[in-house]
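Q: There's a structure below that I have some questions on.
The values are calculated or read from the model by the stated rules, or taken from the named source; none is laboratory data. Everything numeric in this text was worked out from a predicted model, so none of it was measured. We place every Cβ from the backbone using ideal geometry, glycine too, and count neighbours over all the protein chains shown.
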Amino acid sequence: MEYPALLWCILLTLKIAGLATLISSCIGLALAWFITRGKLPGKRWVDALCSLPLVLPPTVVGYCLILLVGRRGVLGAWLAEAGITLIFSWQGAVVAATVVIFPLTYRASKAALESVDHSLENAARTLGAGEFKVFCRVSLPLAWRSITAGVSLAFARGMGEFGATLMIAGNLPGKTQTLALSIYDAFQASNDSRALMLVLITSILCASLLVLAESLTSRRFSSRGTPHA
């Protein structure tokens with residue numbers, strides 16, 4: 001693989017994983033707050049549905065997405081009218097990666113918010129803080145470390161996403177081919193040296209993110225203070 005093509009592939013992988021992580025983190029954090037603090041009937045079913053992509057085979061996730069956003073899917077006609085094309089596009093790869101990594105950001109956010117001392121939140125409410133202020137000034141500062149660790153893991157997982165991305169975006173060099181798809185392509189072509197190089201690059205990037213996640217979860221505050229509303 002030539003250097004410009006390799007660089008483009010790395011940048012595309014980082015862009016897809018980054019956008020997917022951003023989208024899934026925002027939705028996952030908001031839903032985790034609603035689940036942990038709101039009174040929603042059937043919470044267990046909602047929680048199970050949010051975690052489902054974590055246990056389903058990626059090909060099943062990809063097929064469900066095709067049924068949803070494909071040209072003949074449930075939302076296919078509406079997307080076509082809006083001029084949005086997700087099949088065989090990098091945007092489709094973002095959608096696939098977002099769905100696959102969503103359980104990681106959601107469950108990390110949910111666990112982090114559940115660990116927050118509710119008495120501190122109630123104290124802030126007693127002082128007149130609204131729910132949004134309680135979240136921004138009390139809950140999030142106490143939970144951000146675990147949330148960030150989960151986001152780092154989700155980003156690393158997004159970089160290695162393969163099955164759902166292949167079904168939605170295809171394996172188009174120069175358009176939708178990520179590092180994971182490039183490795184598959186090199187393997188299919190029996191180009192072991194290229195495959196090994198791509199594996200090493202992917203492993204180094206993902207290992208760096210895992211080290212970051214571990215440092216965030218294991219580090220202890222040198223000094224602890226009580227958040228103010």
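Q: Determine whether the stretch 5-20 contains at least one residue that is without any contact (Cβ under 8 Å) to a residue 12 or more places away in the chain and either touching a Gly at 6+ places or on another chain (Cβ under 9 Å) or closer than 20 Å to V134 by Cβ (or both).
A: No, every residue in the stretch 5-20 fails to be without any contact (Cβ under 8 Å) to a residue 12 or more places away in the chain and either touching a Gly at 6+ places or on another chain (Cβ under 9 Å) or closer than 20 Å to V134 by Cβ (or both).
Q: While we're here: Under the condition of being crowded, with 20+ Cβ neighbours inside 10 Å and not aliphatic (A, V, I, L, M), which residue from the stretch 84-117 is nearest to T165 (Cα to Cα)?
A: Here the answer is G92.
Q: Restricting the search to the stretch 56-83, which residues are surrounded by 14 or more Cβ atoms within 10 Å (Cβ to Cβ) and free of Cβ contacts under 8 Å to residues at least 24 places away in the same chain?
A: Passing the criteria: L56, V60, C64, L68, G70, G73, L75, G76, L79.
Q: Only one of E81, E114, E121 is under 24 Å from the mean Cα position of the chain (by Cα) and charged (D, E, K, R). Can you tell me which?
A: The unique qualifying residue is E114.
Q: Name the residue, out of A17, A30, that is within 12 Å of the chain's Cα centre (by Cα), modelled with pLDDT of 90 or more, under 19 Å from I101 (Cα atoms) and not in a loop (DSSP other than H, G, I, E, B). Outline the logic, then answer.
A: Values: A30 fails: within 12 Å of the chain's Cα centre (by Cα).
Going through A17, A30 in turn, the sole match is A17.
Q: Would you be able to say whether some residue in the stretch 51-65 is over 18 Å from A164 (Cα atoms) and outside any loop (DSSP other than H, G, I, E, B)?
A: No, every residue in the stretch 51-65 fails to be over 18 Å from A164 (Cα atoms) and outside any loop (DSSP other than H, G, I, E, B).
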